[in-house]
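The values are calculated or read from the model by the stated rules, or taken from the named source; none is laboratory data. Values in this document were obtained by computation on a predicted structure and should not be read as measured data. Cβ sites come from the backbone with ideal geometry, for glycine too, and all protein chains shown count toward neighbours. Please note that ligands, DNA and RNA were not included when accessible areas were found on the heavy atoms of the full protein model with its side chains. Shrake-Rupley method; radii C 1.70, N 1.55, O 1.52, S 1.80 Å.
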Amino acid sequence: MKKASELNFGEKGTIKDIITLNPSYKRIIEIGFTPGQEIELVNTSIFNDPLTFSLRGTLIAIRKNQADCIIIN
Amino acid sequence: MSKTPLINLVGPPNSGKTTLFNIFSGKHFKTVNYPGSTVEYSSSDFLDKFNINAKILDSPGLISLNANSPDEEVAIESLFNQPNNGIPDLILVTADASQITRHLLLTKQLIEAGFKVILVLTMIDILNRKNLKVNTSLLSEILGIDVVAVNGRTEEGIDELTVKIKENLSKGKNIPDHNILSTFKDKDYLINTFEKIESISSKVIESVTPDIENANKQLNIQNPILRESTQKPDALTLKIDKYLLHKYFGFIFFLLMMGAIFTSIFWLAAPLMDLVDTLFSSLANYAAESLGNNWFSHLISDGIISGTGAVLIFLPQILILFLILGLLEDTGYLARGATLIDKPLSMIGLNGKSFVPMLSGFACAIPAILSTRTIPNRRERFLTIFIIPLMSCSARLPVYVLIIAYLTPPDKPWLAGFFLSFVYLISIILSVVVAFVINKFNKSLIKTQDDSSFILELPTYKLPKLKVVLRNSYENSKEYILRAGPIILVLSLLIWFLTYMPNHSPEFDKTGMTEEEIILLEKSERISNSYAAKIGIFIEPIMNPLGMDWRVGVSLIAAFAAREVFVSSMALIFKVTDDENIQNSLLTAMRDAKIESNGEPLFTTATSIGLIFFFIFALQCISTIAVSRKETGSWRIPILQLTIFTSTAYLFTFLIVNVLRMIGIN
């Protein structure tokens with residue numbers, strides 16, 4: 001079991017589940033991180049946080065602790 | 001009596017909602033707060049040409065009907081019952097066609113809640129560039145509501161939308177079901193809804209070249225390319241981000257960019273500020289000369305004209321700041337900047353989105369506080385507002401320049417430059433420390449608990465629309481003048497009154513003096529016997545421990561109108577009589593100034609450095625207090641800011657002056 005926060009730069013993964021680890025997990029789903037979607041980590045800033053993912057044809061930056069909710073296949 | 005129908009415009013952020021509002025309202029709208037909150041909405045009538053008898057409201061951007069913050073809660077609740085207007089007759093929901101799988105969530109929820117809805121699809125042109133389009137009639141059939149595609153730039157589709165709005169309004173209104181909101185919070189519901197939306201979008205998104213589409217359909221191919229191309233971010237954007245969001249270069253570029261903005265606020269604006277300054281001083285001189293030497297003439301020239309000048313002198317900086325920030329925002333870079341700086345700011349309880357307001361604070365705290373509205377999290381927004389007055393705004397610059405000029409030898413300008421950078425550095429470090437401390441005591445000071453999060457869509461890079469940017473700079477500058485202008489002006493008049501009365505026509509021996517000398521001596525006689533002087537003498541016991549006397553005290557009080565007034569007030573009190581070069585003669589006067597009670601020099605190295613620290617900390621700006629009150633919705637935060645910052649300023653100055661003295665620097 002791998003989290004989206006553990007993806008390497010440029011690595012792709014398909015979302016398996018969103019877990020209720022962070023209070024903002026609902027917003028994570030609402031913004032489009034849903035099971036079955038392919039995401040790619042396109043940027044890690046100098047501080048390694050936030051992480052920018054490519055998702056549903058757009059780029060979305062979320063904090064590392066929020067990316068912990070996203071479980072990758 | 002039938003009420004004017006109400007149309008509420010809602011949509012996710014970046015879905016073209018405001019563009020649509022501007023088209024219908026012709027930008028003639030007023031902005032109102034929801035009762036008892038700091039959340040704002042805009043309301044307007046439709047322009048006559050649309051011939052729609054209804055009111056249109058633009059509420060804050062919403063991702064879903066599931067509130068994620070107290071402010072979203074206000075916006076969502078008011079959809080169900082608009083405090084001033086009741087239930088909306090119709091909801092126009094915008095969705096970015098190129099982001100349809102993400103943006104349809106809100107539309108679905110609005111329909112499920114029982115609202116009467118028209119879906120407005122925007123950004124069709126972006127989808128077209130990918131050789132795709134939306135089959136709006138099919139989408140309309142599936143959703144069971146009217147769907148109209150609109151191009152915000154060419155206004156294509158607006159006519160069709162107008163017709164649909166009229167049709168929908170004539171059908172009476174629906175009563176939405178508030179209870180359904182709780183089901184929207186369910187994780188399985190959300191995931192299910194997304195699955196439905198995906199199946200809808202795969203049906204309605206079609207290739208622009210129908211032949212291939214039909215051929216595929218006949219061959220029963222589930223168009224994989226079609227799916228693929230809606231799922232890929234803009235290629236050029238990804239390419240640019242390889243550099244601008246590069247792990248190391250990205251951050252270096254960001255720092256260079258912000259350094260450039262910071263310096264341009266000062267260097268680009270300097271000549272314009274000089275122009276405003278010269279314009280208003282010559283206007284004041286002209287008024288004084290033509291009206292004669294009497295109180296009315298002085299009220300007009302020194303009170304009203306100089307007061308207006310004090311408001312307008314910061315306009316160039318504010319314009320330039322908003323122009324640059326607007327350009328950066330419109331290109332799509334600003335969201336990336338917020339992402340790059342989020343981590344360090346989150347460590348002191350702030351947010352990446354706090355950065356731009358903090359940067360604006362170096363020009364003027366008022367537009368800076370107004371721009372914190374982009375921070376969705378209330379705690380982080382209030383904390384940002386809290387520390388903004390610590391950013392050394394440009395009103396403090398003339399004071400620093402004067403004192404640093406006093407402390408450094410004139411033949412070494414580099415030393416003064418070094419000293420000034422040091423002052424800015426200190427003010428940045430101190431604000432970080434203060435934010436850290438305030439954040440630690442968040443529960444008792446800010447009193448708002450709000451889960452911190454950072455979710456930001458990085459928009460596609462595009463060329464900025466100069467018209468939009470110019471318009472926004474104009475709007476922001478107007479807002480500054482309207483909000484801060486009256487306060488600064490009234491205070492300038494009050495300070496004028498306090499420094500002019502009661503000894504308005506002083507008597508002294510005028511033999512052998514030129515008319516100019518008489519006027520200047522009258523001015524300084526007036527101020528030394530004025531109400532302000534009496535207040536100054538009253539607060540002298542407070543100033544003494546700082547090694548300063550009533551004259552500095554009066555200037556500090558006068559600085560509450562606007563900090564740079566400190567310099568002109570000092571010039572008056574120290575009877576500086578050379579109009580040609582105020583700074584040099586003021587410096588000489590400061591060197592000769594003695595504390596009246598003991599004859600010791602007033603401006604020593606210790607007291608001057610102390611004074612700089614006083615200005616770094618003290619919240620001496622009534623306009624900031626007023627705007628902070630407005631934006632935080634209560635007196636709590638502005639009063640805390642005033643007491644904490646001003647008492648810290650006093651304490652710091654006291655410590656610095658006395659420690660410096662103890663170690664022999666005097």
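Scanning the stretch A:32-73 for residues that are open to solvent by 10 Å² or more (accessible area, probe 1.4 Å) and aromatic (F, W, Y) turns up just one, A:F47.
For the residues B:I375, B:I385, the requirement of being without any contact (Cβ under 8 Å) to a residue 40 or more places away in the chain, surrounded by 17 or more Cβ atoms within 10 Å (Cβ to Cβ), touching a helix residue (DSSP H, G or I) at 6+ places or on another chain (Cβ under 8 Å) and outside the structural domain of B:R629 (by TED's automatic domain parsing) singles out B:I375. Here B:L430, B:L415, B:L425 are screened, and the one residue that is modelled with pLDDT of 80 or more and touching a Ser or Thr at 6+ places or on another chain (Cβ under 6 Å) is B:L415. Listed conditions (1) farther than 17 Å from B:K242 by Cα; (2) within 11 Å of another protein chain (Cβ to nearest Cβ); (3) of a type in the set (D, E); (4) in contact (Cβ under 8 Å) with a residue 12 or more places away in the chain are all met by A:D68, apart from (2). Of everything listed in (1) within 13 Å of another protein chain (Cβ to nearest Cβ); (2) surrounded by fewer than 23 Cβ atoms within 10 Å (Cβ to Cβ); (3) within 14 Å of the chain's Cα centre (by Cα), the single unmet condition for B:L370 is (1). Residue check: is B:I348 among the aliphatic types (A, V, I, L, M), surrounded by 20 or more Cβ atoms within 10 Å (Cβ to Cβ), in contact (Cβ under 8 Å) with a residue 40 or more places away in the chain and outside the structural domain of B:E73 (by TED's automatic domain parsing)? When the stated conditions are applied, B:I348 does not pass them.
For residues in the stretch A:1-34 being of a type in the set (A, V, I, L, M) and within 11 Å of chain B (Cβ to nearest Cβ), which is farthest from A:G57 (Cα to Cα)? Here the answer is A:I19.
Just one of the listed residues (B:L420, B:L390) is closer than 29 Å to B:V311 by Cα, free of Cβ contacts under 8 Å to residues at least 60 places away in the same chain and surrounded by 14 or more Cβ atoms within 10 Å (Cβ to Cβ), namely B:L420. Any residue at all in the stretch B:306-319 that's more than 25 Å from B:A559 (Cα to Cα), more than 14 Å from chain A (Cβ to nearest Cβ) and at pLDDT 85 or above? No; the residues of the stretch B:306-319 include none that is more than 25 Å from B:A559 (Cα to Cα), more than 14 Å from chain A (Cβ to nearest Cβ) and at pLDDT 85 or above. Scanning the stretch B:351-367 for residues that are among the hydrophobic types (A, V, I, L, M, F, W, C) and surrounded by 24 or more Cβ atoms within 10 Å (Cβ to Cβ) yields B:V356, B:F362, B:A363, B:C364, B:A365, B:I366. Candidates B:E522, B:E475: the one that is in contact with a Phe, Trp or Tyr (Cβ under 9 Å, 6 or more places away or on another chain) and open to solvent by less than 30 Å² (accessible area, probe 1.4 Å) is B:E522. Restricting attention to the stretch B:77-98, the residues being open to solvent by less than 10 Å² (accessible area, probe 1.4 Å) and in contact (Cβ under 8 Å) with a residue 60 or more places away in the chain number 9. Please determine, by comparing only the residues of the stretch B:261-284 that are in contact with a helix residue (DSSP H, G or I) (Cβ under 9 Å, 6 or more places away or on another chain) and open to solvent by 90 Å² or more (accessible area, probe 1.4 Å), which one is farthest from the other protein chains (Cβ to nearest Cβ). By that ranking, first place goes to B:L279.
All of B:G352, B:G332 fail the test of being within 14 Å of another protein chain (Cβ to nearest Cβ), out of contact with any strand residue (DSSP E or B) (no Cβ under 6 Å at 6 or more places or on another chain) and modelled with pLDDT of 90 or more, apart from B:G352.
Residues in the stretch B:545-566 that are closer than 15 Å to B:A593 by Cα and open to solvent by 10 Å² or more (accessible area, probe 1.4 Å): B:W550, B:R551.
Applying the condition of being among the hydrophobic types (A, V, I, L, M, F, W, C) and surrounded by fewer than 18 Cβ atoms within 10 Å (Cβ to Cβ) to the stretch B:241-260 and asking which residue is nearest to the chain's Cα centre (by Cα) yields B:M258.
Which pairs have Cβ atoms under 9 Å, sit 6 or more apart or on different chains, and link a residue in the stretch A:1-29 that is among the acidic types (D, E) to one that is open to solvent by 20 Å² or more (accessible area, probe 1.4 Å)? Cβ pairs passing all conditions: A:E6/A:D68; A:E11/A:E40; A:D17/A:P35.
On the basis of being farther than 23 Å from B:Y461 by Cα, within 11 Å of the chain's Cα centre (by Cα) and facing chain B (nearest Cβ under 7 Å), does A:Q37 make the cut? Criteria not met by A:Q37. The set of residues in the stretch A:40-53 that are without any contact (Cβ under 8 Å) to a residue 24 or more places away in the chain and within 9 Å of the chain's Cα centre (by Cα) contains only A:T52.
Every residue, every condition in (1) open to solvent by 90 Å² or more (accessible area, probe 1.4 Å); (2) at pLDDT 90 or above, yes or no:
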| site | (1), (2) |
| --- | --- |
| B:G172 | no, no |
| B:I175 | yes, no |
| B:K196 | yes, yes |
| B:S199 | no, yes |
| B:S202 | no, no |
